[in-house]
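Accompanying notes for the structure given below.
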């Protein structure tokens, strides 16, 4: 038996994750009070700490810029199958990287 997970297991896990994200999105959209309380309780101390540390703010802004939209778009483009077929294909060997 192969140690690789079966496709149905992976699809079920992906579906469960999609449902969880969807439920969280609805809860955030309608401002469900217990979720807002958790967000405030966890986020407020961290926010207060970061505002009092100028170096932390600079580091976090640097991380935000480093993983910004343009960089992420370039990463997605370079890893997409279309990019691989068009740019990195080896037509003579018949292999597609």
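Return yes when residue 68 is under 30 Å from residue 23 (Cβ atoms) and loosely packed, with under 10 Cβ neighbours inside 10 Å and no when it is not.
Details: under 30 Å from residue 23 (Cβ atoms): yes; loosely packed, with under 10 Cβ neighbours inside 10 Å: no.
It is false that residue 68 is under 30 Å from residue 23 (Cβ atoms) and loosely packed, with under 10 Cβ neighbours inside 10 Å.
Could you check residue 25 against (1) within 16 Å of the chain's Cα centre (by Cα); (2) surrounded by 10 or more Cβ atoms within 10 Å (Cβ to Cβ); (3) modelled with pLDDT under 85 and say which number it fails?
With (1) within 16 Å of the chain's Cα centre (by Cα); (2) surrounded by 10 or more Cβ atoms within 10 Å (Cβ to Cβ); (3) modelled with pLDDT under 85 applied to residue 25, the lone miss is (3).
The values are calculated or read from the model by the stated rules, or taken from the named source; none is laboratory data. What you see is a predicted model; the values in this text were computed from it and never measured. Cβ coordinates were reconstructed from backbone atoms using ideal geometry, including for glycine residues, and neighbour counts include every protein chain displayed.
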